[in-house]
1. Per residue, how much accessible area does the chain show when a 1.4 Å probe rolls over the protein heavy atoms, in square angstrom?
2. What order do Glu215, Glu149 take when sorted by accessible area (1.4 Å probe), most exposed first?
3. Over region 106-164, with every protein chain in place, what whole percent of the accessible area is carbon and sulfur at 1.4 Å, could you tell me?
4. What nm distance separates the two modelled labels at Gln313 and Ile219, each placed 7 Å from Cα along Cα→Cβ?
5. Any chance you could look up the accessible area of Asp237 with a 1.4 Å probe, heavy atoms only, rounded to 10 Å²?
6. Quote to one decimal, in nm, the extra length available between Val406 and Arg288 on full extension: 0.36 nm per residue of separation minus the C-alpha distance between them.
7. In whole Å, how far is the Cα centre of region 319-391 from that of region 167-243?
8. Mind checking the angle between helix 207-219 and the chain's longest principal axis? C-alpha axes, 0 to 90 degrees, to the nearest 10.
Amino acid sequence: MATDVRAKQASAERAADLALPPRLRALLEAEYPRFSDAEMAQRRAAIGNLLAEFELDHLVYCGANRFGSAVQWLTGWPVTAEAVGVLTPKIPDALFIQHINHVPLARHLAAPAEVAWGGGSSIAAAVAALERRGAPADRVGMIGPMTFEQHAMLTARFGTIANLNRRYVRLRQIKSPEEIDWMRIGAALTDRAMAALRDGLRPGRTERDLADLVERAYIALGGTNVIHFFGVTSMSDPTLSVPTQFVANRKVNAGDAVVAEISAAFWEHPGQVLRSFAVDAEPSQLYRDLHAAADAAFDAVAAVLRDGTMPQQIIDAASVIEQAGFTIIDDLLHGYGGGYLPPVLGSRSRPSAHIPNEPLRAGMMVVIQPNVTPDGKAGVQTGELVLVTATGIEPLHAIPRGFIRV
């Protein structure tokens, strides 16, 4: 009993470090946090309206290996190996899970969905559930990363399957107040991770050490890793302009620049923050100029961003990068939360594949991330997740911006 009390006290003290308001601290400290019944009903109603619009009666939604956000959004179950759900308005969902040992927890987290083991094939179990529900041909839609085999099994029995993925993405672009709250926790965990990197970064540490610092900052608070990308290179002879997606077994040296992109999540609801550091040396003139351009671009984009802003306005605002003689090597801005969402925008010198002709809307969450480079060899990172409002933006992150010497 004493050990349990001490463990709870230590957990509460770690939660207090995040400086969260009471309603968010209660979520963080819950055994398993849940969205309200009203929130879940609102999501199902949105899907019901979508089915009615396309003259459909049923939805199959799926995910595998932590990919496929509709499963979590509709049931509360973060996908593990595989999950296939069947949604029919006005009756409980059927959710089929792989593996069988994952079923007990899924039943707890996904209630009131009726959760069962998918047996040898979760999609076959979903087909059987649709048959029991009397699904006719050409009246079934799907959301999620479905395989060819899964799609073939559905079409063989139910004819044309309507692909609702694009419309689902539109639903996820606007966040509810409860979703925003959960992402505030994800942002606080991400800040804690970036602060741990800042405070522990020194010559002699390896990139593997940096990953350990970052994950250790949020794991004990219930956070999970989304990404921790590091780029480590000499400022005097740079060879790397952007964080890498896999950690190298390389030591940090005095005079290095370290650029980082970190996302930690609270139950699939992440923050994202990008920062640059100079290790045991002042930033070189090139790196100061790069970061000044990145900061100017962040501020210019933030100044125009609000409900009704057109994507081209964002690109135009970021032209301060090109005016300084630089370009970018990653996306300038992207939607976030429930996936890597539209709009995904580049710059004038490094355009995205498509510039949408739709305004941003209040309730969207986007990452502003100017990643400035002169030549693909040197580069800096700055940026973070923000909430679009009627009049501007609300930052989700508290960790200070700036090019920091450590």
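The values are calculated or read from the model by the stated rules, or taken from the named source; none is laboratory data. The model shown is predicted, which means the values in this text are computed figures rather than measured ones. In this analysis, Cβ positions are derived from the backbone assuming ideal geometry, glycine residues included, and neighbour counts consider all displayed protein chains. Heavy atoms of the whole protein, side chains included, go into the accessibility calculation; ligands, DNA and RNA do not. Shrake-Rupley method; radii C 1.70, N 1.55, O 1.52, S 1.80 Å.
1. Solvent-accessible surface per residue comes out at 43 Å².
2. Glu149, Glu215
3. The value for region 106-164 is 58 percent carbon and sulfur by accessible area.
4. Placing both labels 7 Å beyond Cα along the Cβ direction yields 4.4 nm.
5. Result for Asp237: roughly 110 Å² accessible.
6. Gain in length upon complete extension: 41.0 nm.
7. Cα centroid to Cα centroid, the span is 18 Å.
8. 50
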